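The values are calculated or read from the model by the stated rules, or taken from the named source; none is laboratory data. In this text, all values refer to a predicted model and were calculated from it rather than measured experimentally. For neighbour counting, all protein chains shown are included, and Cβ atoms are generated from backbone atoms with ideal geometry for every residue, glycine included.
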Amino acid sequence: MLVNLFAEETSEKKEEEMRIMKTMLMFVLALALSLVIVGSASAFLIDFEDGVNGAPVTDIPGISFLDYNGYASLYADCSLGSYNCSDMNGSYSYGGYYIYDNVGLWAGPNADAQGVIVDFTSNDGTWFSTGYSANSSFYVVAYLTDGSTVTASGGNNYGVGMDFLSVAASAGTYIDYVVLHDTGNYWVVDNMTGDASGVNVPEPGTMMLIGSGLIGLAFARRKMK
């Protein structure tokens, strides 16, 4: 019996390691793509860390975050302990939703299952990626300038960690806006990347630092297990 329990625990640990490594790899690949096109001054990274807890997310140039009732999404400083969320880096643990560092974005109390519209004012984005933590299936739907849509979806990862979803426009089209939603209003997002004119562009060194930090975190967790 003890041997069987040990084998089951080992298998679960291996699955968790693979999930973490896959998540980190997806985000690092998104960062790498940003670096490839950073010369066009259109790649961006939004980590929300400059936001004030509870304030509407209305201060990011070139992009807006509104629910279908017209209300702005809100900054959520999870380090304060007022939210049911934890830091992927392990600096605090207050619940089953996960973000990186202290501040993420949540839809706000007025949002519903329709979700949040991430609107690029320039309508010239070609790809978009975001981390998400949700208590149900989660969807990233890109509405393109030719009227078509591209959808990426992920499963419930509440209590597990943050995963990443990415969408890209087909050749000859651009992203008009992106909708983030689940089956209710039980999610938080963080560390968005993509490309669009007018959005603040981080230095390449910052992008690489974040990418290398995520890889280091993955290996550190693997060694801890």
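Brief remarks follow.
- Residue count, region 104-149 (criterion: closer than 16 Å to Met192 by Cβ and touching a strand residue (DSSP E or B) at 6+ places or on another chain (Cβ under 6 Å)): 25
- Answer from Ser137, Ser122, Ser129 - the residue that is touching a Gly at 6+ places or on another chain (Cβ under 8 Å) and over 22 Å from Ile46 (Cα atoms): Ser137
- Exclusive hit being within 16 Å of Met162 (Cα to Cα) and among the hydroxyl-bearing types (Ser, Thr, Tyr), set Ser42, Ser86, Ser82: Ser86
- Matching residues, region 108-125, being buried (at least 19 other Cβ atoms within 10 Å of the Cβ) and in contact with an Asp or Glu (Cβ under 6 Å, 6 or more places away or on another chain): Ala111, Val116, Gly125
- Region 116-152 - residue that is among the hydroxyl-bearing types (Ser, Thr, Tyr) and in contact (Cβ under 8 Å) with a residue 60 or more places away in the chain and, of those, farthest from Ser73 (Cα to Cα): Thr126
- Hey, Asn53 modelled with pLDDT of 95 or more and in contact with a Leu (Cβ under 7 Å, 6 or more places away or on another chain) or not: yes
- Top-ranked residue in region 79-102 [being touching a residue at least 60 places away in the same chain (Cβ under 8 Å) and crowded, with 21+ Cβ neighbours inside 10 Å; ranked as farthest from the chain's Cα centre (by Cα)]: Cys85
- Within region 153-189, considering residues that are part of a strand (DSSP E or B) and free of Cβ contacts under 8 Å to residues at least 60 places away in the same chain, the one nearest to Tyr75 (Cα to Cα): Leu165
- Members of region 51-78 that are in a loop (DSSP other than H, G, I, E, B) and either without any contact (Cβ under 8 Å) to a residue 40 or more places away in the chain or more than 23 Å from Gly194 (Cα to Cα) (or both): Val52, Asn53, Gly54, Ala55, Thr58, Asp59, Asn69, Gly70, Tyr71
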